[in-house]
Amino acid sequence: MKPQPIFFKVLLPDRRAPYNLEYQYPEPGVWTKRIGKADCAMCVAGYHLTTEPLRWWQKGAELWTAEGQAYVKGDGRDKGVFGRVRLLEKVTDKWPWLNMYYQVKVFVEMEKEKAYLSRADLSGAGLSGADLSGAYLSGANLSRANLSGADLSGAYRGSSSVKEIETLGWGVKDGYIVRKENLEG
């Protein structure tokens, strides 16, 4: 049997799937009910796992490592659909491999009051509604990140390019991200 990459599952508290609140994943280590290959479809049905959890972050989400069986199809980027999966371990700031998986570290840091995201590759990340107030973003790549509704007040951006945040009504004053209306004076 070939070793699998580490897959992740983004869930809401109580192991609820963000896009199907009626379904609760079983306790860690317990396999989900098998879904037949013919009944699985990307973004429609089946159990979805990712290798890029930051794309699926949302406020209050929890991150789990997971294992999948009966692989059906991938999306060509970071997500695959499986006939059954099991959660292995909840990822917290104590996860022993956190520093080896930068996206995972950023995911965990996003739930903290002031995230340290220096040089983080957040390109393409789904950060809509994220509370990044007071975050340290110096050198972070925010290109193509969905920042609509994100709170960037007081975040430190340093001297890096701010083009991606200017279109959302934010600017930089003395290295800190502020609302454009607060740039005067």
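Looking at this model, which pairs from K33/K59; K59/K105; K33/K105 are more than 22 angstrom apart at the alpha-carbon?
From K33/K59; K59/K105; K33/K105, over 22 Å: K33/K59; K33/K105.
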- Note on the structure: Largest first and rounded to whole Å, the semi-axes √(5λ) derived from the alpha carbon gyration tensor of the range 7-91 read 18, 15, 12
- Cβ-placed point charges (K, R +1; D, E -1), dipole of the range 7-91 about Cα centre in debye, nearest 20: 140
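Read-outs throughout are calculated quantities, based only on the coordinates presented, and are distinct from any laboratory measurement. Everything quoted here is computed from the prediction, not taken from an experiment. Don't worry about glycine lacking a Cβ; one is built from the backbone with ideal geometry, like all the others, and counts go over all protein chains shown.
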